[in-house]
Amino acid sequence: MEILSNVLSDGADLALLAAELDIPTIAGLQHQGDVSVIPAAMAGDDFREPVSPVPAAGVAVVRGEAGGHTHLLLAAGDVRHDAREGAPGDIALGSLVVGEGATAWLDHPEHGNTGIAPGRYVLRRKREMAPRVLDPGARRRREQARKLARKEAARAQAAREQAERERVERERAWSDANVRFVED
């Protein structure tokens, strides 16, 4: 897969290269691997106005860990990005403003490129939804809670069935008590 960072050279026109590579430019929500580009209006309070221009060589939004690949932010025109150093577990990576007439691209060797249209965005890391590793005590408590929930559900079902039997018995007794035989 050919990506911008592989064909980029000094003085190259990124917009022209992106057009040759047929890279789509999107103004809305988009994802590239574990990085999300979220319009500021959708991101709530995470957006902070960036002031640092994106250099010609680009900015690493997420550096590859353990030999992985880096998500590189490239830009043509007035594009500003400020990274956010958050607490562990914070998924906000930074803010991005792509000025009118400008374009930004996220570049990644495995995911290719995605173009970012003019606008204000928040960059976030996607949250993994893998199962948590639980300590044996937590696993035991979870199983006990499930067992208790099953017992409660069985008790509730038995109570509903008993209430229905009693209702049917009351109706039968009432109808038997109100039956009158009339002679002709």
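The values are calculated or read from the model by the stated rules, or taken from the named source; none is laboratory data. No experiment lies behind these values; they were computed from the predicted model shown. As a convention, Cβ positions derive from the backbone with ideal geometry for all residues, glycine included, and neighbour counts pool all protein chains shown. These accessible areas exclude ligands, DNA and RNA; they are computed on the full protein's heavy atoms, side chains included. Shrake-Rupley method; radii C 1.70, N 1.55, O 1.52, S 1.80 Å.
How many residues are surrounded by fewer than 15 Cβ atoms within 10 Å (Cβ to Cβ) and at negative phi when one looks only at region 23-52?
Count: 13.
Restricted to region 108-125, and to residues that are among the basic types (Lys, Arg) and open to solvent by less than 80 Å² (accessible area, probe 1.4 Å), which residue is modelled with the lowest pLDDT?
Result: 125.
So residue 69 fits all but one of (1) modelled with pLDDT of 85 or more; (2) in contact with a His (Cβ under 8 Å, 6 or more places away or on another chain); what number is the exception?
(1)
Using beta carbons and a limit of 6 Å, which pairs, at least six apart or on different chains, have the first residue in region 70-83 and farther than 8 Å from residue 96 by Cβ and the second one of a type in the set (Phe, Trp, Tyr)?
If the second residue must be of a type in the set (Phe, Trp, Tyr), the pairs left are 74/105.
So which residues in region 126-184 are modelled with pLDDT under 85 and among the aliphatic types (A, V, I, L, M)?
Residues satisfying the conditions are 129, 130, 133, 134, 138, 173, 177, 179, 182.
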